[in-house]
1. Tell me, what HN-Hα J-couplings in whole Hz come from the Karplus equation 6.51 cos²θ - 1.76 cosθ + 1.60 at θ = phi - 60° for each residue of region 114-123, using x for Gly and Pro?
2. Order these peptides, 9-18, 277-286, by their mean beta-carbon neighbour count within 10 angstrom, highest first.
3. What are the residues whose amide H is under 5 Å from the amide H of T151, where those residues sit 5 or more places off or on another chain and H is modelled from the backbone?
4. Report the charge-dipole magnitude of region 130-284 in Debye, nearest 20, computed about the Cα centre from +1 at each Lys and Arg Cβ and -1 at each Asp and Glu Cβ.
5. In sequence order, what are the phi-derived ³J(HN,Hα) couplings for region 69-79 according to the Karplus relation 6.51 cos²θ - 1.76 cosθ + 1.60 with θ = phi - 60°, rounded to whole Hz, with x for glycine and proline?
6. Within the chain, what is the number of lysine pairs with alpha carbons under 24 Å apart, leaving out pairs fewer than eight places apart on the same chain?
7. Please give the direction-averaged projected area of the C-alpha convex hull for region 130-284, in square nanometres with one decimal.
8. If we sort 171-183, 29-41 on the protection proxy, mean other Cβ atoms within 10 Å, highest first, what's the order?
Amino acid sequence: MRHVIEPTDLSPPELNDLIKAAEEVRRRPEDYAGRCHGKILAALFYEPSTRTRLSFESAMLALGGGVIGFSSGDASSASKGESVADTIRTVSCYADICAIRHPKEGAALVASQFSTIPVINAGDGGHEHPTQTYTDLLTIHSIKHRMTDMTVGFCGDLKFGRTVHSLLKALTLYPRNRYLLVSPEELRIPDYIRGLLKERDCLFEEVTDLESAIERMDVLYMTRVQRERFFNEEDYVRLKDSYILDKRKLSAAKPDLTILHPLPRVNEIAPEVDSDPRAQYFQQARYGKFIRMALILKLLEEAGAC
């Protein structure tokens, strides 16, 4: 049974094919209506979500399928102590494919080990978020028309940001990219990501000042400082306003810079930036539906269920 737990569970050729399929879905959505008629997606969201959950549900409905699930662990038997393993065993009886978000790292992997249907990791703690990565890659490819020879900046919470970890992992599969990693010392990328960049001979630089680095970037991936990942409220309050992107900072950036953000934002991107043509984060959210449509189709077809 094929599952997607980490972004690199798809090989580079498969990633390229998935992006092409998503672009075709975007261009001709009417050709895909009804492709999953009679199939059911189980959306198991133990953590709050807007874009990921709704885009998964919208994707399955657009394919002609149905959706079951829950939007909070409190609304499931997890509140009674049921394990992820037992939940997925049960859900496998009712659905054809599952998307799971959980606050604990590794929960999606555990689910895949006990599931009889394809499992898609919709975010597990501070670990991975593969479908957000595929969304990001689709957005970059659609705007830049390439996946190589770019300077990509990541700014904000690089320690706990699972979207950052997943996207960096995927981008290292493409040659000749350079990375500018902008964060406070306390929120630097984890050692395992730093080790991966070194292992794959990637050029990267860790800095604390966004303004001095932004002029070199082709893509800027902003992130929020995530309150839910902190054990100490004082640390969160001290770090939450470390970087705020505004028009003044953008004045030094390239005219064709692409600004991305996995959302939600708090105040790390000023509303005045939204009208700048370089701001692509709401388009990015839109692309999330198309990439998830393509991924659902791929996994169901491979499982012989669609």
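1. Working through the residues one at a time gives 10, 8, 10, 10, x, 10, 10, 6, 9, x Hz.
2. Details: 9-18: 14.9, 277-286: 16.8.
Ranking the peptides 9-18, 277-286 by packing returns 277-286, 9-18.
3. R178, D218, V219
4. Working: 23 positive and 25 negative charges, 95 e Å.
That gives region 130-284 a dipole magnitude of about 460 debye.
5. With coefficients 6.51, -1.76 and 1.60, one gets x, 8, 10, 7, x, 5, 8, 10, 6, 4, 5 Hz.
6. Count of close lysine pairs: 25.
7. 8.4
8. Packing proxy ranking, top to bottom: 171-183, 29-41.
Taken together, the values in this text are just the output of simple stated rules run on the coordinates, not laboratory data. Remember, predicted model here, so these are calculated numbers, not experimental data. Every residue, glycine among them, receives a Cβ derived from its backbone with ideal geometry; neighbour counts consider all protein chains shown.
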